[in-house]
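Read-outs throughout are calculated quantities, based only on the coordinates presented, and are distinct from any laboratory measurement. Predicted, not measured: the structure shown is a model, and the values here were computed from it. With ideal geometry, Cβ positions are generated from the backbone for all residues, glycine too; neighbour counts draw on all protein chains shown.
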Amino acid sequence: MYYIDNHPMLSRIYVESQMSLNDPYAVQLNIANVQHRDNSCHQERDLGDEYGWKQVHGDVFRPPAHPILFASLIGSGYQIATVSILCILITIVFDLYTERGLLFSTAIFLYAAASVVNGYAGGSLYARMKGQLWIKQLLVGAFLVPAIICGVAFLVNFISIYYGSSRSIPFTVMLSVTAICLFIILPLTAIGTVLGRNISGVPNDPCRTNAVPRPIPEKKWFMEPNVIILASGVLPFGSIFIEMYFIFTSFWAYKIYYVYGFMLLVFLILAVVTVCVTIVASYFMLNAEDYRWQWTSFLSGASSAFYVYLYAIYYFFFKTKMYGMFQTVFYFGYMALFCLGLGIMCGTFGYIGTQAFVRKIYSIKID
């Protein structure tokens with residue numbers, strides 16, 4: 001079995017947990033400071049007194065660019081997060097540490113079953129953005145992630161067959177996956193979309209949206225969205241990179257990973273740190289009178305996956321003995337899928353937390 005020295009591991013997780021638990025207090029102080037300033041000048045404020053984030057109150061709830069893609073990614077993030085939590089809990093409860101095949105089959109079943117969560121979250125969000133092409137959004141939400149997974153898997157499988165590897169995926173498995181997508185994932189996503197649109201699809205923004213978008217002023221280079229997005233991924237990656245080493249070693253060195261309790265703790269730490277970092281990043285953007293917080297919050301959370309992929313590149317060259325065309329494509333192809341899922345999930349964490357924060361600070365009527 002793959003034994004992990006508990007003392008360094010416990011120390012590292014303890015330090016990371018203490019650091020991450022300080023982040024919510026910083027965000028809470030930020031919110032309290034904003035509300036205090038609002039309340040102190042609420043009686044005397046007029047249009048000329050507005051500053052920073054207040055000036056974009058008429059645009060802050062404007063739907064983001066590419067709303068179908070955005071809603072589909074958020075729905076997929078809910079689905080991936082649900083599957084991840086359930087897989088970890090099932091593995092802990094039923095001791096599936098050594099049963100990789102069973103764990104993989106369980107993950108596929110849970111992903112298909114959680115399609116209703118995808119449809120509900122994505123469909124309700126798209127409805128709140130007043131989107132009209134809800135069937136298109138349903139299809140994109142249902143097949144976006146499975147299509148990418150199948151595309152990469154088929155590419156790796158083609159190369160595997162060419163090299164005569166035993167890792168090639170049987171044709172019957174491909175047919176089974178296609179059937180799952182068409183007869184389970186699609187109907188459940190449709191059910192979730194209909195429920196989401198009817199139950200929580202009514203817009204309830206605290207501020208009215210102006211008919212004409214406000215021009216975004218020029219700002220310093222470090223306040224540009226691309227810079228904020230890249231910088232935001234550093235802290236979340238720092239909270240998990242030790243665990244990434246053990247996960248990579250477990251998977252690529254064919255050893256048994258059995259500390260799923262630690263994985264659950266690190267998962268929660270990652271969620272907390274991601275939410276806190278994206279809230280702060282979005283607040284800085286709003287203060288710079290840039291109201292494009294939706295995509296920024298999502299991509300800021302997702303950017304931690306970029307650093308995980310960079311670490312995967314380092315791990316390939318310095319920690320593995322893989323070589324050749326097939327092993328290289330196999331490794332980087334499946335690591336890309338892992339980072340894609342991680343990025344979508346963390347991006348969803350960031351958006352959920354930032355949305356709650358934005359609604360909180362704009363809950364006071366300022367128009």
By average C-beta atoms within 10 angstrom, highest first, the peptides 77-85, 276-284: 276-284, 77-85
Cα-projected label distance for residue 256 with residue 325, points at 7 Å along beta-carbon direction, nm: 3.8
The ratio Rg/Rh over the Cα atoms of the chain, Rh being the Kirkwood inverse mean 1/r radius, stands at 1.00
Rank by packing, highest mean first: peptides 141-150, 292-301, 90-99, with packing defined as the count of other Cβ atoms within 10 Å averaged across residues. 292-301, 141-150, 90-99
If you fit an axis through the alpha-carbon atoms of helix 115-128 and take the longest principal axis of the Cα set of the chain, what angle between them do you get, 0 to 90°, nearest 10? 20
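Past 19 Å, Cα to Cα: identify those pairs from 54/130; 54/360; 54/219; 219/360, in the order given. Numbers along the way, then the final one.
Working: 54/130 24 Å; 54/360 13 Å; 54/219 17 Å; 219/360 25 Å.
With Cα atoms farther than 19 Å apart: 54/130; 219/360.
At 0.36 nm per residue, minus the direct Cα-Cα distance, what do residue 89 and residue 264 gain on full extension? Give it in nm, one decimal, please. Don't skip to the end; give the middle numbers.
Working: separation 175, 0.36 × 175 = 63.00 nm, distance 0.80 nm.
Full-extension gain reported as 62.2 nm.
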Just from its helices, what would the mean residue ellipticity at 222 nm be for the chain, if runs of 4 or more DSSP H residues each count -39500 (n - 2.57) and the sum is divided by every residue, rounded to the nearest 500 deg cm²/dmol? -24500 deg cm²/dmol
Quick one: compute a quarter of the convex hull surface over the Cα atoms of the range 160-300 and quote it in nm². 14.9
May I ask for the equivalent-ellipsoid semi-axes of the range 83-181, computed as the square root of five times each C-alpha gyration tensor eigenvalue and listed largest first in whole Å? 29, 22, 9
Could you check the simple spin-label distance between residue 161 and residue 108, using points 7 Å along Cα→Cβ, in nm with one decimal? 1.7
Per-pair calculated FRET efficiency, R0 = 56 Å: residue 247 and residue 219 via Cβ, rounded to 0.05: 0.90
Can you give the extra length, in nm with one decimal, that the chain gains between residue 336 and residue 200 once fully stretched, where that is 0.36 nm per residue apart less the Cα-Cα distance? 45.6 nm
In nanometres, what is the gap between the two model label sites at residue 168 and residue 191, each 7 Å from Cα along Cα-to-Cβ? 3.8
Please identify, among 227, 60, 273, the residue showing maximal mean-square fluctuation in a Gaussian network model of the chain using a 10 angstrom Cα cutoff. 227
